[in-house]
Amino acid sequence: MVTESQVLSCISDDKARQMLNMVKEGQTPSISNLELTRKQYYSRLHTLIVYNLVAKTNGKYRLTSFGKVVFDWHLVLMQIISEEFWKLKALDVLDSSGIPSSERTKIIDSL
């Protein structure tokens, strides 16, 4: 059984995410493209397979159904971080600012 902390740990690694992206695009991850040692490469690939994110079929790596869900979730998370983080941070500041709720609502609607 794979735990959420294992999956989060796996996809928090930049090189593992690059490997997932390459597999998603139909490419075979390679040691030279990722600038990893042989041990680092196979360790990450093994983890992706053990956590059921990637499978090898007919000599090619592919995302599993679970891997597709995790990958898509990762894309949503990255979008939120890059586009919405500061808006959400501003909302937190507004909540603790003491501004009347009617004014706060106007500001929130404009965000």
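The values are calculated or read from the model by the stated rules, or taken from the named source; none is laboratory data. Since this is a predicted model, take the numbers as computed values, not measurements. No Cβ is skipped: glycine too gets one built from the backbone with ideal geometry, and neighbour counts run over all protein chains shown. Please note that ligands, DNA and RNA were not included when accessible areas were found on the heavy atoms of the full protein model with its side chains. Shrake-Rupley method; radii C 1.70, N 1.55, O 1.52, S 1.80 Å.
Would you work out the relative contact order for the chain, in percent, from Cα pairs under 8 angstrom that are 6 or more residues apart?
Relative contact order comes out at 18 percent.
Given a 1.4 angstrom probe, I'd like the percentage of the accessible area of the chain that is carbon and sulfur, rounded to a whole number.
Carbon and sulfur together cover 55 percent of it.
Magnitude of the Cβ-charge dipole of the range 38-111, K/R +1 and D/E -1, about the Cα centre, nearest 20 debye?
Numbers: 11 positive and 7 negative charges, 174 e Å.
My answer is approximately 840 debye.
Label points 7 Å out from Cα along the Cβ direction at LEU75 and ASP109: separation in nm?
So the label points at LEU75 and ASP109 sit 3.4 nm apart.
Considering only lysines 8 or more places apart in sequence, or on different chains, count the pairs in the chain whose C-alpha atoms sit under 24 Å apart.
Eligible lysine pairs with Cα atoms under 24 Å apart amount to 15.
With unit charges on the beta carbon (Lys/Arg positive, Asp/Glu negative), name the residue among SER97, GLY59, SER12 whose Cα is farthest towards the positive pole of the charge dipole of the chain.
GLY59
What residue among ILE49, ILE31, ILE99 shows peak mean-square fluctuation when the chain is described by a Gaussian network model with Cα springs under 10 Å?
Result: ILE99 has the largest fluctuation of those listed.
Per DSSP H run of n ≥ 4, the term is -39500 (n - 2.57); total these for the chain, divide by its residue number, and report the mean residue ellipticity at 222 nm rounded to 500 deg cm²/dmol.
It lands at -19000 deg cm²/dmol.
Accessible area of GLU83, 1.4 Å probe, to the nearest 10 Å²?
100
Which of [x] 10.8; [y] 9.7; [z] 8.4 is the computed mean projected area of the Cα convex hull in nm² for the structure on display?
[y]
For ARG17 and SER96, what does the FRET efficiency come to when R0 = 41 Å and r is the distance between their Cβ atoms, rounded to the nearest 0.05?
0.75
Just how much of THR105 is accessible, in Å², when a 1.4 Å probe is used and the result is rounded to the nearest 10?
70
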